1. Using only alpha carbons, build the gyration tensor for the range A:123-201 and give me the equivalent ellipsoid semi-axes, biggest first, whole Å.
2. Can you tell me which aspartates and glutamates have their Cα less than 18 Å from the Cα of B:Lys86? Leave out same-chain residues fewer than eight positions away.
3. Can you tell me the Rg and Dmax of the range A:62-125, counting just the alpha carbons, in angstroms?
4. Based on DSSP H runs of at least 4 residues, each adding -39500 (n - 2.57), what is the mean residue ellipticity at 222 nm of chain A after dividing by all its residues, to the nearest 500 deg cm²/dmol?
5. Indicate the gyration tensor shape class of the range A:66-241 (rounded, prolate or oblate), computed on the Cα atoms with a ≥ b ≥ c the square roots of the eigenvalues: a/c under 1.5 is rounded; otherwise a/b larger than b/c is prolate and the rest oblate.
6. Which distance in Å, rounded to a whole number, links the C-alpha centroids of the range B:15-88 and the range B:125-164?
7. Give the calculated FRET efficiency between B:Ser201 and B:Trp97 to the nearest 0.05, with a Förster radius of 35 Å applied to their Cβ-Cβ distance.
8. Taking only the alpha carbons of the protein assembly as shown, what extent do you get along each of the three principal axes, in Å, biggest first?
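Nothing in this text is a laboratory measurement; each read-out follows from the coordinates by a stated rule. Keep in mind it's a predicted model, so treat the numbers as computed, not measured. Note: ideal-geometry Cβ built from the backbone for every residue, glycine included; neighbour counts use all protein chains shown.
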Amino acid sequence: MKNPVSRREFLAGAGAIGSLLLVGCDADAYLPPKVRGGLMGVSDVLTMATQRLMLSGQPLAQEHDVSEITKNFPTWGNTNPRQEDFQRLLSGEFVDWRLPVNGLVNRPISLSLEDLKRLPQRTQITMHICEQGWSAIGQWTGAPLLEVLRAAGGVADDARYVVVDTFDGWYESYDMFDVVHPQTILAYGLNGKDLPLGNGAPVRLRVERACGYKNLKFLKSINVVSSMEGIRGGTGGINSDSNWHWYAGA
Amino acid sequence: MVAFCYLVVSGVHIFLDFPELYWGKVGFRGYDAVFRLSDWGISWDEAGAMGNRRWGRNYHFLFAWISVINGTIYVGWNLWNKYFHKNLFLGRNELNWQSLKTDFVDHVRLRVSKGTSVGRYSGLQKISYLIVIFILSPFMILSGLAQMPAFTAISPELIDLFGGRQTARTLHVICMLWMILFLVVHVVEVFVAGAVNEIRSMITGKYVVPKEDVE
C-alpha cells in the first residue's frame with residue numbers, strides 16, 4: 001500500500017499552509033513558483049514569507065553616496081558570452097540588438113537600445129551582493145522593468161512571472177512583487193558610462209534586494225507567463241533547476 | 001548541538017567558496033582583505049574544490065531556522081518558568097572578583113565541584129552561558145541577516161550598525177570561533193565532571209552525587 005501523502009509532500013505542504021495562514025489570500029508574493037520537497041521546502045518558504053512580509057511596504061534598497069561607488073566594479077562569472085549571435089551583436093556595438101517582450105503582454109514589442117533609453121530612466125547607487133560573499137557599490141542607470149511592460153501595453157490579468165533569458169543560456173523568473181518595484185531596472189549604464197562587457201553589456205537586470213545570480217547579465221528576451229510549468233526545469237530559474245532556492249533575498 | 005555542528009560545517013563550505021574576509025561595506029577578489037586563506041597555503045581553487053556551496057547554503061539556512069525556532073522555545077520557556085532566574089542569573093554573592101577568581105582557577109585546574117555545590121552552576125559557568133545565550137547567539141543571527149540582500153531594504157540600519165556588509169560577514173566568522181571555543185571548553189568540562197552522569201542530567205534532570213562527596 002502506498003501512503004496517499006508522502007512525508008516529504010506533507011512537510012512541503014505544511015510549510016506552504018503555514019505561510020498561507022500568515023498572509024491570507026495573497027499567496028503569490030510569499031511562495032516560489034515551485035516549493036522544493038522535504039524540510040528544505042519548509043526552510044525556503046519560511047525565509048521567503050518572513051522576508052516578503054517585512055518587505056510588504058515595498059521599501060527601496062539602500063542607496064549610497066557617490067563617494068562610495070566602487071572604482072573598477074568587479075566582473076564575475078561569464079564576462080564575454082562566446083555564443084555566435086552575441087558575438088555578432090558585440091562586433092556591431094549592439095546597434096542590431098533587440099529585446100523582444102512577449103507572452104502575456106497586451107502588445108508584444110521588440111526594443112532597441114535606443115528605444116530602451118527613451119523610456120523613463122532611473123539611476124540608483126546600490127550595493128551588488130553576490131551569493132558567494134563579495135559586494136560592491138555601483139551606479140546603475142536604466143529603464144524600470146515596469147516601464148518596459150507598460151510600453152508593451154501592460155500585462156494580462158493572469159500574468160504572474162516575468163521570465164528573462166540571456167545570451168549565455170541563463171534564465172530566471174521574477175514574480176510581480178519584484179517586477180513592480182521601482183528599483184527593478186534594465187540597466188544599460190554603470191557609473192555614468194555604457195554598461196561594460198564584463199558587467200553584462202548591452203543590458204543587464206538590476207533586482208536590488210536579491211543576490212547577484214538574480215541580476216542577470218547579457219539580456220536576450222523577456223517573456224511574461226502565468227506559470228513556470230513546462231519552462232525548462234519548471235522551477236523558475238537556472239539556479240533553482242539545480243536545487244538552489246528560487247527566492248534570492250537570501 | 002547537531003544544529004550547531006551543521007551550521008559550522010555548512011558555514012565553512014560557504015566560506016571555502018569565497019575564502020577571503022574584508023572590512024567595511026565592499027569587498028571582492030582583489031580588494032584589500034583582512035584575511036586570505038591563500039596566505040595559509042590553501043589557494044583559491046583548492047578551497048573551492050573542498051567546499052560545496054550549494055549544499056552549504058541549503059543546510060545553513062535550514063539549520064539556522066531550526067536553531068532560531070529551537071532557541072526561541074528554549075529561551076521563552078526558561079524565562080517563563082523562571083529557570084534562568086533561579087539557575088543562571090548571578091546572585092550578589094557570586095558577583096565579586098574573589099569568588100570568580102577562585103572559580104576560574106578551579107576550572108583551569110580541572111577541579112570538579114564537590115559536596116553542596118554539586119548540581120549548581122558556578123559563577124563563571126553562569127556568565128559564560130549568559131554570554132552564549134544572550135550575546136553570541138543573537139549576534140550570530142543579526143550578523144547573518146545583515147549579509148542578506150533583502151536587508152538592504154528591510155533594515156539598512158542593521159547593516160550600518162555592523163559597519164557594512166563585509167564587516168558583518170567577518171564578525172559572523174569571528175563570533176563563530178568564540179562559540180566553538182565555548183563548545184570545546186564546555187565538552188571538556190563535561191567529560192571531566194563525568195560524561196554519563198552529566199549528559200543524563202541534561203536530558204532527564206537527574207544528577208547522581210558521587211557517594212564519597214556526600215557529607
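1. Value: 23, 15, 13 Å, ordered largest first.
2. B:Lys86 reaches B:Glu94.
3. Reported Rg and Dmax, both Å: 16.2, 42.
4. -7000 deg cm²/dmol
5. Note, shape of the range A:66-241 comes out rounded.
6. 11
7. E between B:Ser201 and B:Trp97, to the nearest 0.05, is 0.75.
8. 93, 58, 38
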